[in-house]
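Asker: This is the structure, below, for whatever I ask next.
Just so it is clear, none of the values below were taken in a lab; they were calculated from the coordinates. Just so you know, these numbers come straight off a predicted model, no measurement behind them. Reconstructed Cβ throughout: ideal geometry from the backbone, glycine too, with neighbour counts over all protein chains shown.
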Amino acid sequence: MKIILMGYMGSGKSTLARKVAERLDLKALDLDQVIEDKEQISIPEIFKTKGEIYFRKAENQHLAELLSGDESFVLAVGGGTPCYANNIDLIKSFSISVYLKGSINTLKNRLNKGKGGRPLIEGMDEEQLTEFIAKHLFERRSFYEQSDVVLSIDEKDADQNAAELTNLIRIHYSK
Ligand code: S3P
């Protein structure tokens, strides 16, 4: 079983991947981490020294590689992953996909606390961040909404989200 968690930056994909993987006895993976390990360079450094186009190519290549294997996992992808190249088609064809859906306010509050290591929002104040998320989420939503499952993350903590998502997967996707 391959489960992919997608959603905007700050929606809690990596934490939830770990918690759901533990409950389903699967391996947890994080695409940004896979890219950093394979490329031997951090994501902010890739953006700075090689540019976003290089990052998007690496992202597509490593996603395709993971999805072509036999291994089962819960994979957190980057906020932009479903929106570039043929990634959404790969995700739809080879995994159970989940959109962690949060309001602009929820995402802004979370990202305002944890902007570090996120080149796209580096240096933004709260007002700029709100405006950026509103516009960016509008552009990305049509990709996220192609997921098989939508999980609302507003006003819930990671353990509640993990319990809810694990149940949904057990009910709908267990053989
Ligand atoms: C990005 C999100 C990041 C990372 C990169 C680009 C995006 O991942 O892949 O900085 O385009 O939204 P997170 O969603 O895990 O922050």
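Asker: Taking the Cα centroid of the stretch 137-175 and of the stretch 44-83, what is the distance between the two, rounded to the nearest whole Å?
Answerer: Cα centres, the stretch 137-175 to the stretch 44-83: 20 Å.
Asker: Right, something else. So if we plug the beta-carbon distance of residue 27 and residue 172 into 1/(1 + (r/R0)^6) with R0 = 25 Å, what FRET efficiency do we get, rounded to 0.05?
Answerer: Approximately 0.75, to the nearest 0.05.
Asker: I would also like to ask the following. Tell me, 19, 13 in order of fewest to most beta-carbon neighbours within 10 Å?
Answerer: Ascending number of Cβ neighbours within 10 Å: 19, 13.
Asker: Quick check on the chain: of the DSSP beta bridges with both residues there, what percent are antiparallel, nearest 5%?
Answerer: Percent antiparallel among DSSP bridges in the chain is about 0.
Asker: What is the set of long-range amide H partners of residue 30 at a cut-off below 5 Å, with H atoms built 1.01 Å from backbone N?
Answerer: 76
Asker: If you don't mind, another one. List the relative contact order of the stretch 28-175 as a percent without decimals, with contacts defined as Cα pairs under 8 Å and 6+ residues apart.
Answerer: In percent, rounded to a whole number, it is 24.
Asker: Sticking with this structure for a sec: Run the numbers on the stretch 1-104 and let me know its relative contact order in percent, using alpha-carbon pairs under 8 Å that are six or more apart.
Answerer: 50 percent
Asker: Which lysines have a Cα lying under 22 Å from the Cα of residue 101, excluding residues fewer than 8 positions away in the same chain?
Answerer: Filter leaves 2, 13, 19, 92, 113, 115, 135, 156.
Asker: Something else about it: Rank the residues 149, 77 as a footprinting-exposure proxy: fewest other Cβ atoms within 10 Å of their Cβ go first.
Answerer: 149, 77
Asker: Continuing with the same structure: Counting other beta carbons within 10 Å of each Cβ, put 56, 141, 170 in order, fewest first.
Answerer: Listing 56, 141, 170 from fewest to most nearby Cβ atoms yields 170, 141, 56.
Asker: Also, I was wondering about something else. Counting residues in the stretch 1-126 as N, plug N into 2.2 N^0.38 Å and put the Cα Rg over that result.
Answerer: The stretch 1-126 yields a ratio of 1.03.
Asker: Separate question: Based on Cβ point charges of +1 for Lys and Arg and -1 for Asp and Glu, what charge dipole magnitude is obtained for the chain about its Cα centre, in debye rounded to the nearest 20?
Answerer: Using only the charged Cβ atoms, the result is roughly 200 debye.
Asker: Find, among the GluC sites (Glu not before Pro) in the stretch 76-152, those assigned to loop by DSSP (not H, G, I, E, B) with at most 14 other beta-carbon atoms within 10 angstrom.
Answerer: 122, 145
Asker: Do the sum for the chain: with -39,500 (n - 2.57) for every DSSP H run of n ≥ 4, divided by all residues, what is the mean residue ellipticity at 222 nm, to the nearest 500 deg cm²/dmol?
Answerer: That calculation yields -16500 deg cm²/dmol at 222 nm.
Asker: Testing the spin-label approximation: label points 7 Å from Cα along Cα→Cβ at residue 132 and residue 113. State their distance in nm.
Answerer: 1.9 nm
Asker: Then there's this: Among 87, 105, 62, whose Cα lies farthest out toward the positive end of the dipole of the chain, if unit charges sit on the beta carbon of Lys, Arg (+1) and Asp, Glu (-1)?
Answerer: It is 87, whose Cα lies furthest towards the positive end.
Asker: What is the spin-label model distance, in nm, from residue 149 to residue 105 if the labels are put 7 Å beyond Cα along the C-beta direction?
Answerer: It is 2.7 nm.
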